[in-house]
1. Given the stretch 91-162, what whole percent of its Cα pairs are spread farther than 20 Å?
2. Peptides 282-288, 272-278, 221-227: what's the order by average Cβ count within 10 Å, highest mean first?
3. Quick one: which of K106/K282; K27/K49; K17/K49; K17/K282 span more than 19 angstrom between C-alpha atoms?
4. Please give every one of the aspartates and glutamates within straight-line cross-link reach of K280, meaning a C-alpha to C-alpha distance under 19 Å, and leave out same-chain neighbours fewer than 8 residues apart.
5. For the stretch 127-158, which trypsin sites (Lys or Arg not before Pro) pass both filters: DSSP loop (anything but H, G, I, E, B) and at most 11 other C-beta atoms within 10 Å?
6. Compute the long axis of helix 204-216 from its Cα atoms, compare it with the longest principal axis of the Cα atoms of the chain, and write down the angle in degrees, 0 to 90, nearest 10.
7. Starting from the amide H of V262, placed 1.01 Å from N in the peptide plane, find each other amide H under 5 Å away whose residue is 5 or more places distant or on another chain.
8. Show log10 I(q)/I(0) for the stretch 169-269 at q = 0.16, 0.17 Å⁻¹, two decimals, from a solvent-free Debye sum over equal Cα scatterers.
Amino acid sequence: MEWLNYHHLLYFWTVAKEGSIARACEKLNLAQPTISGQLKQLEETLGEKLFAKKGRGLAMTEVGQVVYRYAEEIFGLGRELQDVLKGQPLGRPLRLLVGISDLMPKMIASRILQPALSMAQPVQIVCDEDTPERLMAQLADHRLDVVLSDAPIPPMLRVKSFNHLLGSCTLTVLGSPDLANKYRKNFPASINGAPFLLPMEGASLRRTLEQWFDSVGVHPRLVGEFKDSAMMNTFGQEGAGLFAVPTVIEKEARQHYHVSLVGAIDSVVERTYAISIERKLKHPAVVAILEAARENLFSVN
């Protein structure tokens, strides 16, 4: 059996945390050649480069980031063991590494994750927002526990992962009080030619809305496209145009942005997914958010 040298791993972990070999030397009270040599031996053992030069310093490679995550867990457990043996209470929270699609409404993401913070065991949530493609790459490398998305796994991505439907809901059109009063009557025919704010091309909500516009024979005037849903809602708050939100966050959006109801789109459904590399979810916090979303936030279709 090939054993991992944990002294080498400790030196790597310290360099990564301190940001340089020089600062790690001060922390560990060791000479630079000693640490450099131990890092080289660890890389030879693993068969992978853990650091790459970046300017005058070092940056972890993708493999280095994976190793660092495991080192965090290993040495965190070591600290926890010491606390247990000393009779001290455990203070180390359960980490939940979440990727959030950049096209997903942030209010929904926040509502989905909230139950994790209410668990009996303390949970530390680490969120990363990026494109679905990049998030799926991180998920495949075990750098994320789960990805929250407004769409299932893109078929072109050859990553072994599984879609877990959290739930579905209809849409609601909102606007500033002045715009809402102007376009509420005779909705949806009234929004033909009305100023409208839409997500960027590629977002599930964008496709859903455009298909609905065609189905009811209306053609709103596009005045803005947004990658960030919070920015779109802020422009809507200022009266730049009408905008649509998932009905599950309608009340929260109306209160937060001080906007009014224009009309409900009951004939279309938006779905939200949790994507993992496990068919059967095991992470306690992921299980908690999935169950809460299905039971309380959404009605699953």
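Read the figures in this text as sums done on the coordinates, not as results from a lab. This is a predicted model, so every value here is computed, not measured. Every residue, glycine as well, gets a Cβ built from its backbone with ideal geometry; the counts of neighbours run over all protein chains shown.
1. Values: 797 of 2556 pairs.
I get 31 percent for the Cα pairs in the stretch 91-162 exceeding 20 Å.
2. Working: 282-288: 17.1, 272-278: 20.6, 221-227: 14.3.
For the peptides 282-288, 272-278, 221-227, the packing ranking is 272-278, 282-288, 221-227.
3. Working: K106/K282 25 Å; K27/K49 23 Å; K17/K49 17 Å; K17/K282 29 Å.
Going by Cα-Cα distance, K106/K282; K27/K49; K17/K282 fall outside the 19 Å limit.
4. Hits, sequence-local ones excluded: D141, D145, E291, E295.
5. Numbers: sites: R134, R143, R158; in loops: R143, R158.
When the trypsin sites (Lys or Arg not before Pro) of the stretch 127-158 are filtered for loop state and at most 11 Cβ neighbours within 10 Å, R158 remain.
6. Here the helix axis deviates by roughly 10 degrees.
7. V173, L174, G175
8. -0.58, -0.66
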